[in-house]
Amino acid sequence: MNVDVLVTNIGELLPMDKKGPVKGKAMNDLDVSTDAAIAIKDGHVTWVGTAEDAKDIEAEQTIDAHHKLVTPGLVEPHTHLVFGGSREKEMALKQQGVDYLDILAQGGGILSTVRMTRAETFKELYEKAEFHLDRMAMHGMTTVEAKSGYGLDRETEMKQLEVVRELNNNHPVDLVSTFLGAHAIPPEYKHNTDAFLDEMADMFPEIKEKGLAEFVDIFTETGVFTVNQSRTFLQKAKDAGFRVKLHADEIDPLGGTELAVEIGAASGDHLAVASERGIAQLAQSDTIGVILPGTSFYLGKTSYAPARQMIDAGAAIALSTDFNPGSCVTENLQLIMSIAALKLKLSPAEIWHAVTVNAAHAIDRGEQAGAIAVGRPADIVIWDAPNHMYIPYHYGVNHAHTVIKNGRVLYERQALR
């Protein structure tokens, strides 16, 4: 067999090639191969076997994994990648105990980012988003969801979506675009939120025609959009041909988890205060719960989403950074894996399912990303770790040694000289 790339001498391989999404107790059942090898040709995996059998394979490039851990590239299912400015000045308010909704009411939070995003050019937004996406790639993320939502007007929302499209065309990492025009209420619509939602929904045909987004999202929360408003808005999105997802039950338990299931959303995201009823419905559905523990950590919350209860009930969950300028400013999904272990009480096996196969299904990439299998794109990470338990155990650093995207080395850690 002649191939382009051979990755061999793998100490521990997580293929993550189960038919997903993986739900409930099955998330704790992890297939692990040892002394393995992977062959790649034309950007796709063509063979997976033992390092011993790989000795007969001729390759143009051989990568020795030196008995390290190898997994699929991480899949990031929830980010706010494109935005202007930053909000470090809000940290002092958070330290004083000022609630997020109070910061929002004072014109801070999302609305301050909206002002900065509206002011920046396409080029400025593109270069900033590219910088953050590069960091994600360096941390092992090879497929990333990216939302708009910091425009709250037609011009800026379209500009954000166009930045995502251009990045997806130019950057090796695959981007999945989500229209989140209904992210907050702009001041000019403070007393007429239905009219604002109508304006955002009026954008659906143009977004669909130009192929600028696959998903439509909405922030269902106290002081933002009600469950009934969200239902109407998302049904319009479905009628226009979009898949839907929603920010649900992040601060107040309004029934967003139940709505996500009812409307057939690909995912319900946050779910920090999901109800018992919502959890039970989630477990009986195909909707994936995308949990964002870094946000609870960054905002100083004492409680976290009931991910343990969700899995025990039989649900499928994924993990995400929620990368954004206000409530979780990190591109490091590995850090989120550690928080999931420490605060959500998830096992290493559950965590790995949550950042690969389940995360891929949360953004409709279940057949392309999140697994190492023959015929799949060769999105692979070699980790500076001896086994899969080490990544969540050793927190706060970048363990990615080599990141391979579509069969090409995208990032490789260089030793200090």
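The values are calculated or read from the model by the stated rules, or taken from the named source; none is laboratory data. As the structure is a prediction and not an experimental result, all values here were calculated from the model. All Cβ positions, glycine included, derive from the backbone under ideal geometry; neighbour counts span all protein chains shown.
Counting just the residues of the range 183-227 that are polar (S, T, N, Q) and within 19 Å of V273 (Cβ to Cβ), which one comes out surrounded by the fewest Cβ atoms within 10 Å (Cβ to Cβ)? By that ranking, first place goes to T222. Within the range 291-314, the set of residues being outside any loop (DSSP other than H, G, I, E, B) and among the basic types (K, R) comprises R308 only.
Pairs linking a residue in the range 50-71 that is farther than 11 Å from I40 by Cα and in contact (Cβ under 8 Å) with a residue 60 or more places away in the chain to a residue that is buried (at least 19 other Cβ atoms within 10 Å of the Cβ) and among the acidic types (D, E), with Cβ atoms under 6 Å and 6 or more positions apart or on different chains, are L69/E12. Restricting the range 320-339 to residues that are touching a strand residue (DSSP E or B) at 6+ places or on another chain (Cβ under 7 Å) and touching a residue at least 60 places away in the same chain (Cβ under 8 Å) leaves a set whose member that is surrounded by the fewest Cβ atoms within 10 Å (Cβ to Cβ) is L333. Among the residues of the range 14-42, what is the count of those that are closer than 20 Å to G407 by Cα and within 23 Å of the chain's Cα centre (by Cα)? Within the range 14-42, residues that are closer than 20 Å to G407 by Cα and within 23 Å of the chain's Cα centre (by Cα) number 4. One residue alone among V409, V397 is of a type outside the set (S, T, Y), closer than 30 Å to T302 by Cα and at pLDDT 95 or above, and that residue is V397.
Select from the range 274-291 the residues that are touching a residue at least 60 places away in the same chain (Cβ under 8 Å) and in contact with a helix residue (DSSP H, G or I) (Cβ under 8 Å, 6 or more places away or on another chain) and write down the one among them that is surrounded by the fewest Cβ atoms within 10 Å (Cβ to Cβ). If we take residues in the range 274-291 being touching a residue at least 60 places away in the same chain (Cβ under 8 Å) and in contact with a helix residue (DSSP H, G or I) (Cβ under 8 Å, 6 or more places away or on another chain), then A283 is surrounded by the fewest Cβ atoms within 10 Å (Cβ to Cβ). Exactly one residue out of L342, L346, L271 is crowded, with 20+ Cβ neighbours inside 10 Å, aliphatic (A, V, I, L, M), under 18 Å from M27 (Cβ atoms) and out of contact with any Asp or Glu (no Cβ under 7 Å at 6 or more places or on another chain), and it is L346.
Residues of the range 94-135 that are polar (S, T, N, Q) and either under 24 Å from V290 (Cα atoms) or in a loop (DSSP other than H, G, I, E, B) (or both): Q96, Q106, T113, T121. Just one of the listed residues (I311, I288, I317, I279) is farther than 16 Å from V355 by Cβ and modelled with pLDDT of 95 or more, and it is I279. Among the residues of the range 5-14, the ones that are in a loop (DSSP other than H, G, I, E, B) and farther than 30 Å from Q284 by Cβ come to 0 in all.
Among residues of the range 213-272 being among the hydrophobic types (A, V, I, L, M, F, W, C) and part of a helix (DSSP H, G or I), the one that is nearest to L161 (Cα to Cα) is A237. Taking the range 146-169 as the range and being farther than 21 Å from P187 by Cβ, touching a residue at least 12 places away in the same chain (Cβ under 8 Å) and assigned to a helix (DSSP H, G or I) as the test, the residues that pass are L161, E162, V163, V164, R165, E166, L167. Could you tell me whether any residue of the range 152-160 is under 19 Å from E331 (Cβ atoms), in contact with a helix residue (DSSP H, G or I) (Cβ under 7 Å, 6 or more places away or on another chain) and not polar (S, T, N, Q)? No, the conditions are met nowhere in the range 152-160. Within the option set E145, E166, E209, E214, being out of contact with any helix residue (DSSP H, G or I) (no Cβ under 9 Å at 6 or more places or on another chain), within 18 Å of H80 (Cα to Cα), charged (D, E, K, R) and at pLDDT 95 or above holds for one residue only, E214. Checked against (1) surrounded by 21 or more Cβ atoms within 10 Å (Cβ to Cβ); (2) assigned to a loop (DSSP other than H, G, I, E, B); (3) touching a residue at least 60 places away in the same chain (Cβ under 8 Å), T178 passes all but condition (2). Of all positions in the range 65-85, at least one carries a residue that is surrounded by fewer than 19 Cβ atoms within 10 Å (Cβ to Cβ) and closer than 23 Å to A184 by Cα.
Touching a residue at least 12 places away in the same chain (Cβ under 8 Å), within 18 Å of G151 (Cα to Cα) and among the aliphatic types (A, V, I, L, M), is that true of A201? When the stated conditions are applied, A201 passes them.
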